[in-house]
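Visitor: One structure, pasted below without further comment.
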Amino acid sequence: MSKDTNVERASRLDTPAISDAMDRLGIAGQCLNIKPLDHKFRLAGRAFTILYGPSGKPSGTVGDYIDDVEPGGIVVLDNGGRENATVWGDILTWVAHERKVGGTVIDGACRDTYLSRELQYPIYSRSYSMRTGKDRVQVEAMGGVVNIGDARCAAGDLLRGDADGVLVIPREHENEILDVAEEIDGVEDHIRKSVRSGMTLRQAREQYGYHSLQTRKK
């Protein structure tokens, strides 16, 4: 399998730089209130999307999809923000880790969090609980567009997560977003180097236009 250059580029950037780039370009993608179980977690990869809905009668399942996720892929589960019905637990964590899946992002809750931390398998979610989603929610669709923390995510979109949260980089805009994020990251590095060389932070920020790095261009 050939390397995914943009996944590698995203992995070298932090989420604040990418978020600022998206603000400048007027492109939404920050997944609000979706947080890592462990602040050491990092992820970068392509979305494998699943949409959940309330359970029917008879109930559908919470899904047997993990064997279809490519190594490095990110499982993206839209459970409508539900925190009373989990859609990810220890068996999925263990299998995903064994298959070298890149991580899981959930608009909702997970459970069995100890194993995620023990294996350092990245999970980002609204919360966690012990309450199963079985007989409460079911898979409605796979491979389509989902909503994660008010961010639109399509299958194949690029996700980047770190200690500050996770965001979706839409595939049709990823080159432009990454270009601007790399520019912003470079400017911030220049500011740090200038301060080390004796410049005041105020002077360095003014010289490099720090306060308008994220401002949307007309």
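Visitor: Filter the stretch 180-218 for residues that are acidic (Asp, Glu) and over 27 Å from Ile27 (Cβ atoms) and give the result. I'd like the intermediate steps shown before the answer.
Guide: Filtering the stretch 180-218 down to residues acidic (Asp, Glu) leaves 182-183, 185, 188-189, 206.
Hit for the stretch 180-218 is Glu206, nothing else.
Visitor: Now, a different point. Working carefully through the options Val146, Val195, find the one that is without any contact (Cβ under 8 Å) to a residue 60 or more places away in the chain and either touching a strand residue (DSSP E or B) at 6+ places or on another chain (Cβ under 9 Å) or β-branched (Val, Ile, Thr) (or both). It would help to see each step written out before you state the result.
Guide: On the way: Val146 fails: without any contact (Cβ under 8 Å) to a residue 60 or more places away in the chain.
Unique residue meeting the criteria: Val195.
Visitor: Quick one: what pairs do we get from the stretch 1-17, first residue among the basic types (Lys, Arg), second surrounded by 15 or more Cβ atoms within 10 Å (Cβ to Cβ) and in a helix (DSSP H, G or I), C-beta under 7 Å, 6+ apart or different chains?
Guide: Close Cβ pairs satisfying both conditions: Arg9/Leu178.
Visitor: Given the criterion over 15 Å from Ile18 (Cα atoms) and at pLDDT below 95, identify the matching residue among Arg205, Arg216.
Guide: When all the criteria are applied, what remains is Arg205.
Visitor: What number of residues in the stretch 147-159 are farther than 19 Å from Ala109 by Cα and in a loop (DSSP other than H, G, I, E, B)? Walk me through how you get there before you give the answer.
Guide: Step one: list which residues in the stretch 147-159 are farther than 19 Å from Ala109 by Cα, which gives 154-158.
Subsequent filtering for residues that are in a loop (DSSP other than H, G, I, E, B) retains 154-157.
Residues that pass the stated criteria total 4.
Visitor: Is at least one residue of the stretch 128-144 crowded, with 16+ Cβ neighbours inside 10 Å, over 13 Å from the mean Cα position of the chain (by Cα), at pLDDT 95 or above and within 27 Å of Asp14 (Cβ to Cβ)?
Guide: Yes, there is a match, as at least one residue in the stretch 128-144 is crowded, with 16+ Cβ neighbours inside 10 Å, over 13 Å from the mean Cα position of the chain (by Cα), at pLDDT 95 or above and within 27 Å of Asp14 (Cβ to Cβ).
Residue-by-condition table, conditions (1) more than 16 Å from Leu119 (Cα to Cα); (2) among the aliphatic types (A, V, I, L, M); (3) surrounded by fewer than 20 Cβ atoms within 10 Å (Cβ to Cβ):
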residue	(1), (2), (3)
Gly29	yes, no, no
Ile34	yes, yes, no
Ile50	yes, yes, no
Gly56	yes, no, yes
Gly72	no, no, yes
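Visitor: Quick check on the stretch 40-57. Is at least one of its residues more than 23 Å from Arg111 (Cα to Cα) and hydroxyl-bearing (Ser, Thr, Tyr)?
Guide: No, the stretch 40-57 contains no residue that is more than 23 Å from Arg111 (Cα to Cα) and hydroxyl-bearing (Ser, Thr, Tyr).
Visitor: Select the strands (runs of 3 or more DSSP E) contained entirely in the stretch 18-125, then report the ones holding at least 3 residues which are among the hydrophobic types (A, V, I, L, M, F, W, C) and either touching a helix residue (DSSP H, G or I) at 6+ places or on another chain (Cβ under 7 Å) or under 25 Å from Ala141 (Cβ atoms) (or both). Talk me through it step by step, then tell me what you get.
Guide: Numbers: elements: 43-54, 74-78, 103-107, 123-125.
Because the criterion is at least 3 residues that are among the hydrophobic types (A, V, I, L, M, F, W, C) and either touching a helix residue (DSSP H, G or I) at 6+ places or on another chain (Cβ under 7 Å) or under 25 Å from Ala141 (Cβ atoms) (or both), the strands (runs of 3 or more DSSP E) in the stretch 18-125 that meet it are 43-54, 74-78.
Visitor: Only one of (1) part of a helix (DSSP H, G or I); (2) touching a Ser or Thr at 6+ places or on another chain (Cβ under 8 Å); (3) not hydroxyl-bearing (Ser, Thr, Tyr) is not met by Gly144, so which one is it?
Guide: So Gly144 meets the others, but not (1).
The values are calculated or read from the model by the stated rules, or taken from the named source; none is laboratory data. These numbers were taken from a predicted model, which means no experiment stands behind them. Methodologically, a virtual Cβ is constructed for each residue, glycine included, from the backbone with ideal geometry; neighbour enumeration extends over all protein chains shown.
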